[in-house]
């Protein structure tokens, strides 16, 4: 009886192992980008990467500070206009390549602005899917000021950003913090 149980467990383990190999060869993966955060409920995992295929298809990479952006120094480079953009999934934009996010497009377009001639421009992406304004305020207080921004923009989506602030209306996000 014990020998039959070992064979079943061994066969099951081999099947899982072969299935994993097949999925990797086929390029099928479901990477995890989110972790629990004691202040905001959840946050992006620093260094996480993989193909995101839920609402589009793009290779998403989270930088070492935990933001959907390229690596950025907290120390603002000299002669640089630094803009930080807070928001939810529209800002994070895991569904599109990083260079196509509106934050990256903003940075690229402002670099050609005549009024800013001679200055470097950085637009930093601090968007996280599902965040409401309470989490964005916590992000501002706990992270944004470390980057010495010249401008902070809040990209608000009226479709859910207001209801995200009321537990009675936000039944899907039970980990969200709320202010009274």
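The values are calculated or read from the model by the stated rules, or taken from the named source; none is laboratory data. None of these values were measured; they are calculated from a predicted model. Positions of Cβ are backbone-derived with ideal geometry, glycine not excepted, and every protein chain shown enters the neighbour counts.
Scanning region 40-54 for residues that are in contact (Cβ under 8 Å) with a residue 40 or more places away in the chain, more than 14 Å from residue 127 (Cβ to Cβ) and either under 10 Å from the mean Cα position of the chain (by Cα) or loosely packed, with under 14 Cβ neighbours inside 10 Å (or both) gives a single hit, 54. Look at (1) at negative phi; (2) within 17 Å of the chain's Cα centre (by Cα) and you find that residue 130 fails only one, number (1).
For first residues located in region 13-38 and assigned by TED's automatic domain parsing to the domain that holds residue 143 and under 30 Å from residue 136 (Cα atoms), partners that are at pLDDT below 70 and not in a helix (DSSP H, G or I) and lie 6+ apart or on another chain with Cβ distances below 6 Å do not occur.
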